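See structure below.
Bear in mind that the values in this text are calculations on the coordinates, not laboratory data. Predicted model, so just to flag it, every value in this text is computed and none were measured. Here the Cβ is made from the backbone with ideal geometry for all residues, glycine too, and neighbour counts use every protein chain on show.
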Amino acid sequence: MLFSERLKKMDVLVRKEDVERVLDWLAHYGRFEPLVIDEQKAKEYHLRHEKNIELTQHITALVRRNEDLIMRMSGGVIPSHIEVNPDWHMGIGEIEARLSEIEKRYQKILEEMAELQRRKVDIEIRVRRLQFFATLDIPWQKLRNTSLFYVGFGAIAQSQYAGFVQAMSQLPVEIRYVDKIGEDVVVFFFCEAKQKESVEKVLKAVFYKEYGLPLEAADNPKQRLLQYSFDLNATYDEEEWLDRQKTKMENLFLPDLLAFREVLEYRKRLVEIREQMVSSQTVSLFAGWIPARDEAMVRFNIEKITSKRCTIETKDASRAMVEEGLEPPTLFDHPGILKPFETLVKTYGMPHYREIDPTLFSALTYVLMYGAMFGDVGQGLVLFLMGLVGSFLKVFRKFRSLMQIVMWVGVSSAIFGFVYGEFFGRHDIIQALWFSPRENVSQILLVAIGFGVGLISVAMILNVVNSFLEGDFAKMLFSSYGVAGMMFYWGVLGAVVIGFLGKPVPWYFTAMAFGGLIFIFLERPLAYLLFHHGKSFPNPAMGFFDLFETAITFLSNTISFMRIGAFALNHTALMGVVFLVDNMISQPFLKWIVLLFGNLFIIGFEGFVVGIQALRLEYYELYVKFFRGTGQAFDGLSLYKNKEE
């Protein structure tokens, strides 16, 4: 748990006809990360890289088509209840045929809906046309054969309307805005007949659709309006039916499309691996990282698949780093109780292969700091139950790690609630196992600082270990967070504590502090002289900046942990406000309402703020001292990776 999973590099030489079955097994195994075979290795075996550009492009095109269809069907939000069961043996041709069939059926219903929408807009415009002309105090029925005026009634796309108005303003034309229906703007205009040619040029440019005068309804407009109403109601019914058919089709095909996506990604990955390996006419060579403890099992299965007609060579990752210059990925190896806290680490970065894995440290410190800041038995148990229930509900499946963290910080909060003697903000229900923060303000702040000093010290020790593992002895010995930093920090702390107790400060604390300062001041020159860091001798004046930064950083880091005590006091103060409001109310039911919603608010609001503050202390006061976070996560060839995530 203190280090990531130990890996081995595996080189596998198999017959070409066995490659597909071996890769398929490795994909089901899931803990094999492929490596690119370099040209030197290929020449050593007289092999070459083979690329199937057409197949890669074909799969990429299918992935794009499939993703586009998923986005159209889901609206960009895939329902969480959909179960995806990919058929991993489905071929590219079969997927393409099924995808084409789904595209055809879905496109057909979309076209029917679009055509229906056009018909509906057309009828609505005709209804609006009849209503508009019915309000005009002119004998518009007599305009049928006039040669004096050019009259128009029609629709323009909304995007073209501004240009239409601007162009018409240059002509002696009268325009009336009638209505906006769908994406169209309905207009009425008239002008002298001699302007007809100029007006028609503008109308053609803005894709004007002419509806004309409602002459077909001149004799009996009410009957025509009634007919339009019937037609419009029919389109509404048809629209509802088509919408149900569309939803039914989406529910039917979306699981298949999601399954296609996973299979296509897998097939694409297999093609990429084939491009990474090298081959001849008869054999293929590929390589990758595997967990060291699985070596015997992986070797056994590959030999079984190939009937032992293969060659397998393995090499420890540390040796591969030295001999081949490879950088192994990081594969976490944690029990279930620590897995949720991997998220905290990954958010900051991934540890190097030979770097200390900070997950255990993060889990312990985060849970402790959260509980210390939010110590309350009742509210902690509420958080625990929320996390416990959320861990099992499907709706929170994507947030399961977060729910499990909530569960553990709830336990910590409840434990610290017993320490502080708080139960839903009350101090008269249970007795404090240690002390109550509100009655011991200075004590809680001093304990918080002491706790911070301990964590900062552990972080610096971890930095020393990491620097040693990296072989960076200059950083280990002379840096602000190395041995020199620890000498300065502990020397100053020892002197402050002894002085606070009113005793004379021992000489060795002073010597430690000054010795640490000297080494920090000379860090760059000593690194250059002893370990050949840098191309030229550094400017000694930079040491003054290092000293100033070190002093300010240690002071601010230490004081920053006072927020643990401050938030413990803040929790008591907030609950005091709730009880104050409760005491002002005499009606029993309202008193319970105030207590209920007051506690819910504090659990939600303060619980969230405390979580952020604990994370801030984790990242900015601890991680920066020892955690590099520049490693690469292990990316295994796993069929089930997408499903698990």
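Per residue of the range 181-196, in order, report the coupling 6.51 cos²θ - 1.76 cosθ + 1.60 (Karplus, θ = phi - 60°) as ³J(HN,Hα) in whole Hz, putting x for Gly and Pro.
10, x, 9, 10, 10, 8, 10, 10, 8, 8, 7, 5, 4, 5, 8, 4
If you stretched the chain out fully between PHE579 and ARG309, how much longer would it get, using 0.36 nm times the residue separation minus the C-alpha to C-alpha distance?
On the way: separation 270, 0.36 × 270 = 97.20 nm, distance 7.79 nm.
Between PHE579 and ARG309, full extension yields an extra 89.4 nm.
Pulled fully out, how much extra length does the chain show between ARG21 and LYS201, if you take 0.36 nm times their separation in residues and subtract their Cα-Cα distance?
Numbers: separation 180, 0.36 × 180 = 64.80 nm, distance 6.79 nm.
Result: 58.0 nm gained on full extension.
For the pair LYS503 and ARG64, what calculated FRET efficiency results from E = 1/(1 + (r/R0)^6), where r is the Cβ-Cβ distance and R0 = 56 Å, to the nearest 0.05? The partial results should precede the final answer.
On the way: r = 75 Å, r/R0 = 1.34.
Using R0 = 56 Å, I get an efficiency of 0.15.
Which aspartates and glutamates does LYS204 reach when only Cα atoms under 16 Å apart count, and residues fewer than 8 places away in its own chain are ignored?
Answer for LYS204, where 16 Å is the Cα cut-off: ASP184, listed by chain and number.
Under 15 Å from the Cβ of SER198, count the other residues' Cβ atoms, weight Lys and Arg +1, Asp and Glu -1, and hand me the total. Walk me through the numbers on the way to the answer.
Values: positive: LYS194, LYS196, LYS201, LYS204; negative: GLU174, GLU192, GLU197, GLU200.
Here the charged neighbours net out to 0.
I want to verify the translational diffusion coefficient of the chain in µm²/s; compute it with Stokes-Einstein, Rh as the Kirkwood radius over Cα pairs, at 10 °C and 1.306 mPa s. Don't skip to the answer; put the middle values down first.
Working: Rh = 32.6 Å.
Approximately 49 µm²/s, per Stokes-Einstein.
Dipole of the chain, Cα-centred, from +1 at each Lys and Arg C-beta and -1 at each Asp and Glu C-beta, to the nearest 20 debye?
Details: 70 positive and 76 negative charges, 39 e Å.
Computed charge dipole of the chain: roughly 180 debye.
Return the FRET efficiency for the residue pair GLU54, LEU2: r is the Cβ-Cβ distance, R0 is 51 Å, and the value is rounded to the nearest 0.05.
Using R0 = 51 Å, I get an efficiency of 0.55.
Within the range 474-517, list the residues whose amide N lies under 17 Å from a label point set 7 Å along Cα→Cβ of HIS532.
So the set is 474-475.
For the pair GLU111 and GLU183, what calculated FRET efficiency results from E = 1/(1 + (r/R0)^6), where r is the Cβ-Cβ distance and R0 = 22 Å, to the nearest 0.05?
On the way: r = 17 Å, r/R0 = 0.78.
Here the calculated transfer efficiency is 0.80.
Taking H as built 1.01 Å from N, whose amide H comes closer than 5 Å to the amide H of TYR150, not counting residues under 5 places away?
CYS191, GLU192, ALA193
By how many nm would the segment from GLN158 to MET542 lengthen if fully extended, with 0.36 nm per residue of separation less the alpha-carbon distance? All intermediate terms of the calculation are to be shown ahead of the outcome.
Working: separation 384, 0.36 × 384 = 138.24 nm, distance 6.53 nm.
Result: 131.7 nm gained on full extension.
With labels modelled as points extended 7 Å from the Cα through the Cβ direction, what inter-label distance (nm, one decimal) is found for VAL496 paired with GLN632?
Spacing of the two 7 Å Cα→Cβ label points: 4.3 nm.
Could you pull out the pairs from LYS108/LYS268; LYS43/LYS315; LYS120/LYS222; LYS16/LYS51; LYS180/LYS201; LYS248/LYS394 whose alpha carbons sit more than 25 Å apart here?
Details: LYS108/LYS268 30 Å; LYS43/LYS315 20 Å; LYS120/LYS222 19 Å; LYS16/LYS51 15 Å; LYS180/LYS201 23 Å; LYS248/LYS394 23 Å.
LYS108/LYS268, as the Cα separations exceed 25 Å there.
As a test of the formula, what do you get for the chain when each DSSP H run with n ≥ 4 contributes -39,500 (n - 2.57) and the sum is divided by the residue count, at 222 nm and rounded to the nearest 500 deg cm²/dmol?
Roughly -20000 deg cm²/dmol at 222 nm, from the helical runs in the chain.
Tally Lys/Arg at +1 and Asp/Glu at -1 over every other residue whose Cβ is under 11 Å from the Cβ of GLY631; what's the total? Let's see the in-between values first.
Numbers: positive: LYS346, ARG354, ARG628; negative: GLU327, GLU355, ASP357.
Value of the local net charge: 0.
Could you work out the local net charge near LYS16, counting Lys and Arg as +1, Asp and Glu as -1, over the other residues with Cβ closer than 14 Å to its Cβ?
On the way: positive: ARG15, ARG21, ARG48, ARG274, ARG309; negative: GLU17, ASP18, GLU20, GLU50.
Its environment carries a net charge of +1.
Can you tell me the order of 82-89, 430-437 when each peptide is scored by its average per-residue count of other Cβ atoms within 10 angstrom, highest first?
Values: 82-89: 12.6, 430-437: 16.1.
Averaged packing, sorted descending, gives the order 430-437, 82-89.
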